1. Looking at this structure, is LEU193 hydrophobic (A, V, I, L, M, F, W, C), assigned to a loop (DSSP other than H, G, I, E, B) and surrounded by 11 or more Cβ atoms within 10 Å (Cβ to Cβ)?
2. Taking region 199-247 only, how many residues are part of a helix (DSSP H, G or I) and either surrounded by fewer than 10 Cβ atoms within 10 Å (Cβ to Cβ) or at pLDDT 85 or above (or both)?
3. In region 98-113, is there at least one residue being open to solvent by 10 Å² or more (accessible area, probe 1.4 Å), at pLDDT 90 or above and assigned to a strand (DSSP E or B)?
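The values are calculated or read from the model by the stated rules, or taken from the named source; none is laboratory data. Fair warning: this is a prediction, and the values are worked out from it, not measured in the lab. Backbone-built Cβ (ideal geometry, glycine too); neighbour counts: all protein chains shown. These accessible areas exclude ligands, DNA and RNA; they are computed on the full protein's heavy atoms, side chains included. Shrake-Rupley method; radii C 1.70, N 1.55, O 1.52, S 1.80 Å.
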Amino acid sequence: MSDAGIKVEIINQHNLLNDILDTKSDELLTADEIPVWLNELFFERILQQHHRDGNLKVKNLRIKQCGGKGDSYASMMYRVGIFFCDGITPETTQFVSCIVKTLPEHDLAIEKLGSDNYNVQNKEMEIYQNILPEMTRILESIHEDSAIFPLVLAVDRKLDVIVLEDLAEKKFVMADRIKGLDLDHTLMALRKLARMHAASVIIHKENPSAFAHLDTGFFTRKTDVFHVMFESLCEAMIEEVGTWEGY
């Protein structure tokens, strides 16, 4: 993970570039912490396909675990800074940051959330690869051009991997999951969800089988992974409502 061979001149300056370069070595993942497929060749193929340029070459990667403890229970997330060059000006380094989402590392999580139960990763790959592009098409047709979801750089079904643009590049930040959202951001999220819901209705009308593989919700008789959570939430709600006047 050394930076040997990276030229000083960097084009396409990004918000995360300085953060990536300033990352301490102990914050980067070591070779034994990184899946063997998460390498230069993997990203080289993605960049070549995305930019439609077979001459692009990856020169260096800097890989960090994305998010803190508790931020993601259904997958492993990596933030990857990619330094690459093209065939025309190979002496000039370009930079992009992306998010790699793959299966969780714990066997219990895979067992509970995998293909025999919720099938989370396959559903997400289906959504990102097939459903969201259709939603984008529908929303753009009515001039709803405001982006609702990140750009998908690649979906690899053999590796169970989704590669997304890094929204931190556009100065988005994760809300504190303990504090939650304020009213303005809550209303914004609801408006975005309403647009997605409306687009999904049109997709289903155009193609009734589009959601055939997405028929299992969080609370289902097919699996009991979230039953304890729903029970505790209901108990907490009952306890809270019991403190209200008139209840």
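1. no
2. Qualifying residue count, region 199-247: 21.
3. There is at least one residue in region 98-113 that is open to solvent by 10 Å² or more (accessible area, probe 1.4 Å), at pLDDT 90 or above and assigned to a strand (DSSP E or B).
Results for (1) assigned to a loop (DSSP other than H, G, I, E, B); (2) in contact (Cβ under 8 Å) with a residue 60 or more places away in the chain; (3) more than 13 Å from the chain's Cα centre (by Cα), shown as yes or no for each residue.
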{"position": "MET125", "(1), (2), (3)": "no, no, no"}
{"position": "ILE138", "(1), (2), (3)": "no, yes, yes"}
{"position": "SER146", "(1), (2), (3)": "yes, no, yes"}
{"position": "ILE162", "(1), (2), (3)": "no, yes, no"}
{"position": "GLU169", "(1), (2), (3)": "no, yes, yes"}
{"position": "ASP176", "(1), (2), (3)": "yes, no, yes"}
{"position": "GLY180", "(1), (2), (3)": "yes, no, yes"}
